[in-house]
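> Got a structure for you, questions after.
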Amino acid sequence: MTRGNERGFMLIELLIVVAIISIIAAIAVPGLLRARLTGNETSAIASLKDVTSSQVAYSAACGNGAYAATFVVLGTAPLGGSEGFISADLGSVAAPQKSGYNFTLGGSAGSAAGPNDCNGTATISGYYATARPMALNTTGTRSFAVNTGNTIWQLPGGAAPTEPFAASGGTPIQ
């Protein structure tokens, strides 16, 4: 027995509302995942751009014309300086992880030892840096690489383009 002044939702009305919300969520979630993938890839590209500009600044200011062999060297401030050449999110560990990507930095193909830098650390004549997705198709769909030529190359999948880039099937993105 219900009274005429009682108001509320019936069970069927609540189920309809839940069903509508579920349908909207099912439509929106794939778009959000694609947006996250795109954001991660954009962050990886921007981080490699930071590597190139940091290596150029390091070479001119501290590396005596050569390049840093690791992210940690790039992140170390020169004697008398207060900051390193690259931000702490990349320059604080040898193999940083950022925005769903694993980053590496080392000598490029044919690189040789260079002179010691202003901190007394060994340098290299050329560098090669990569950004690979931590979980392919979840955190990214492409891998990226850059070397002393400062052009970022991409390759679909989890393996980064290798040097020489054109021979590895990679394509330049800038």
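The values are calculated or read from the model by the stated rules, or taken from the named source; none is laboratory data. Here the structure is a predicted model, which means the values were calculated and not measured. Note that each Cβ is placed from the backbone with ideal geometry, even for glycine, and that neighbours are counted across all protein chains shown. The protein model used for the area step is the full one, side chains on, heavy atoms only, and it has no ligands, DNA or RNA in it. Shrake-Rupley method; radii C 1.70, N 1.55, O 1.52, S 1.80 Å.
> Please determine whether any residue of the range 53-60 is in contact with a Cys (Cβ under 7 Å, 6 or more places away or on another chain) and more than 13 Å from A131 (Cα to Cα).
There is no residue in the range 53-60 that is in contact with a Cys (Cβ under 7 Å, 6 or more places away or on another chain) and more than 13 Å from A131 (Cα to Cα).
> Sticking with this one: If I ask for residues that are open to solvent by 60 Å² or more (accessible area, probe 1.4 Å) and assigned to a strand (DSSP E or B), which ones from the range 151-172 would you list? Walk me through how you get there before you give the answer.
If we filter the range 151-172 for residues that are open to solvent by 60 Å² or more (accessible area, probe 1.4 Å), which is where we start, we get 156, 159, 162, 164, 166-167, 171-172.
Scanning the range 151-172 gives P156, T171, P172.
> While we're here: Tally the residues that are open to solvent by 50 Å² or more (accessible area, probe 1.4 Å) and outside any helix (DSSP H, G or I), restricting the search to the range 23-69.
Residues in the range 23-69 being open to solvent by 50 Å² or more (accessible area, probe 1.4 Å) and outside any helix (DSSP H, G or I): 2 in total.
> Given (1) part of a loop (DSSP other than H, G, I, E, B); (2) under 19 Å from R34 (Cβ atoms), identify the lone condition not met by S143.
All conditions pass for S143, except number (1).
> Among the residues of the range 126-150, write down those that are charged (D, E, K, R) and either open to solvent by less than 40 Å² (accessible area, probe 1.4 Å) or in contact (Cβ under 8 Å) with a residue 60 or more places away in the chain (or both).
R142
> Go through the residues of the range 109-125 one by one and say whether even a single one is in a loop (DSSP other than H, G, I, E, B) and touching a residue at least 60 places away in the same chain (Cβ under 8 Å). Give the derivation first.
Our first condition is that a residue be in a loop (DSSP other than H, G, I, E, B); within the range 109-125, this holds for 109-112, 114-123, 125.
When the remaining residues are screened for being touching a residue at least 60 places away in the same chain (Cβ under 8 Å), the result is 123.
Checking the range 109-125: at least one residue is in a loop (DSSP other than H, G, I, E, B) and touching a residue at least 60 places away in the same chain (Cβ under 8 Å).
> Can you tell me which residues in the range 77-116 are modelled with pLDDT of 95 or more, more than 28 Å from G157 (Cα to Cα) and open to solvent by 50 Å² or more (accessible area, probe 1.4 Å)?
Once the filter is applied, which keeps residues that are modelled with pLDDT of 95 or more, more than 28 Å from G157 (Cα to Cα) and open to solvent by 50 Å² or more (accessible area, probe 1.4 Å), the range 77-116 yields A112, A113, P115, N116.
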